[in-house]
Amino acid sequence: MKRSNTKAILIGVLAAALVIVLSYFIGLRQGRAELEARQTEFQKQLQTLQQQASAAENRSLLLAARLDLYRTAMDLDQGNFGLANTHLQGSAARLSRVNPAAIGVDPAKLESVHRDIAGSGIKVADNLEEQRNRILVLLSQIEALEPAASGTK
């Protein structure tokens, strides 16, 4: 009888150990599956945030290029030709860094505006009105790009 009790206890202990080991591996598998699901979710969120950050950065560059053109017009009004040229060049440089796809801007229109600004220059002249009007036309071209950019969030 002692032998059968020992055998029964040994079988019970082995069964309990088997249940514990199986429970461990089942829990481990479920934990890994949940971890992978969360990782996928976080990667999607990260990608969305990176796209939003890129869009914000590109909208900021577009706005800064616009601000440089405003400064160019003000500098022309004040007769600061050197500063006007510097701001005009700064506008062109900022536009060259804009990724049109990130903000939903037509690449051909952006390139056209960039080319127009980069090809412009401020010259010391008696008639500044013509140059100022050219800057304002360039400014309106940048502003025409922005409604498409503001729709992308």
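Let me have the relative contact order for the chain, percent, based on Cα pairs under 8 Å that are six or more residues apart. Intermediate results must be reported in sequence, preceding the final value.
Working: 115 pairs, mean separation 36.8, N = 153.
It comes to 24 percent, rounded to a whole number.
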On each of the three principal axes the extent of the alpha-carbon atoms of region 9-78, given in whole Å and largest first, is 100, 14, 5
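So between residue 18 and residue 30, what do we pick up on full extension, going 0.36 nm a residue minus the alpha carbon distance? Mind dumping the intermediate values first?
On the way: separation 12, 0.36 × 12 = 4.32 nm, distance 1.83 nm.
My answer for the length gained is 2.5 nm.
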Determine the relative contact order of region 57-126: mean sequence separation of Cα pairs under 8 Å and six or more apart, normalised by residue count, in whole percent.
-> 36 percent
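Per residue, how much accessible area does the chain show when a 1.4 Å probe rolls over the protein heavy atoms, in square angstrom?
Working: 10620 Å² over 153 residues.
Heavy-atom SASA per residue in the chain reads 69 Å².
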For the peptides 106-113, 61-68, 139-146, 10-17, what is the packing order when you average, over each peptide's residues, the other Cβ atoms within 10 Å and list the highest mean first?
-> 61-68, 139-146, 106-113, 10-17
Calculated [θ] (222 nm, deg cm²/dmol) that DSSP helices of n ≥ 4 give over the chain, each run adding -39,500 (n - 2.57) = -31000 deg cm²/dmol
Which percent of the accessible heavy-atom area of region 3-153 goes to carbon and sulfur, probe 1.4 angstrom?
-> 58 percent
When the Debye formula is applied to the Cα atoms of the chain, each taken as the same point scatterer, what base-10 log of I(q)/I(0) results at q = 0.10, 0.15 Å⁻¹?
-> -0.54, -0.82
Given charges at beta-carbon only (K, R positive; D, E negative), |dipole| of the chain in Debye = 1600 debye
Given 0.36 nm per residue, what is the gain on full extension from residue 4 to residue 128 after removing their alpha carbon distance, in nm?
-> 33.5 nm
Which order do 81, 25 take when ranked by solvent-accessible area (1.4 Å probe, heavy atoms of all protein chains), largest first?
-> 25, 81
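The values are calculated or read from the model by the stated rules, or taken from the named source; none is laboratory data. Note that the structure is a prediction, hence the values are computed from the model and not measured. For neighbour counting, all protein chains shown are included, and Cβ atoms are generated from backbone atoms with ideal geometry for every residue, glycine included. We work out accessible area using only protein heavy atoms, side chains counted, and drop any ligands, DNA or RNA first. Shrake-Rupley method; radii C 1.70, N 1.55, O 1.52, S 1.80 Å.
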